[in-house]
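Chemist: The structure that follows is given in the form of structure tokens.
Throughout, read-outs are computed from the coordinates displayed, never taken from laboratory work. Quick caveat, the model's predicted, so the values are computed rather than measured. Glycine also receives a Cβ, built like all others from the backbone with ideal geometry; neighbour counts cover every protein chain displayed.
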Amino acid sequence: MRQLEQLPISPEVAQPTGGGLHSWFLDCHGLWYTLALTLPSVLFIAYLASQARRSFNTLRFGRSYIIILYYALLWIVSVLNLFWCLAQAWQCTSGKELSWNLLTLFTTSGLLFLEVSLVAFLLQGNYTTGLESLTQTLVISGVIVAADIIIKIIYIFGFGIPLFIDASETTNRVKWGLWIVHKLLLTAIYGFILFMHHSKWRERLPARPAFYNYICAMFLLYVIALFGCVLAGNGAGFGFWLYNLATVCYHSLYLPLIYVTFLADFFQEDDLRLENVYYSEMKDAGFFDADWD
């Protein structure tokens, strides 16, 4: 983690000096930062690929529109996120600013869409397969994410604020002011859900402990990110280190957390259900008659 403590120098000074993988991994944020982002993302994609055939069969028989949608979104965002992790050198490479901004905008928007829609489903209290409920949630999530994208586009391309380039002007108050508001809103949302869990509205939330653990993890992550943004906005190097730490945790662990919390149980339950169906069919066909003789 020593590399995380070193503030990256500006892209005007830090141009990649070599070629190949050595330059790609060592320039800009350094080796450990890049590995901490990339390795978990690669392993998660590999795991999804290894389970793809069984997952597709489960989805085909399960017929849950919500799970199908989130599984597809998980794949799309995971691929985008892996490419984002591998392209870290772009933010320190002259001429790649536009490509980096667009890639980061699409990746973070995909992650945010998953977050917002999952919170909306969480507040519904349980999984639902209703198309009407699904459509309403997607519309609400789409409006919120679209507003977030528009604000970021205005800041980046209208005002020229380097929102996604962490290697320059760590004391830019306009940039860090926006991130403070952004993290504060998300912290407040997760904090409100935690408050609901300990209040008379607890019955509106799912009873599964995994959901509560998910909210706790996200609340802690955004508290760290918010604290880091406040410190970085005031020129403290430790704040920039905290912000980088939160970024690494978010991009490397959030998608696996979604899978474990919201999708893994569905696939496991459907596997057990399918086994029961196969057993019943085999029993009806007389495969187990010899056991009674």
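Chemist: Listed highest first by mean packing, meaning other Cβ atoms within 10 Å per residue, what order do 77-89, 43-55 come in?
Modeler: The packing order, highest mean first, is 77-89, 43-55.
Chemist: Follow-up question, since we're still on this one. State, to one decimal in nm, how far the label point of I45 lies from the label point of R208, with both points 7 Å from Cα in the Cβ direction.
Modeler: Here the answer is 2.7 nm between the modelled labels.
Chemist: Listed highest first by mean packing, meaning other Cβ atoms within 10 Å per residue, what order do 151-158, 235-242 come in?
Modeler: Ranking the peptides 151-158, 235-242 by packing returns 235-242, 151-158.
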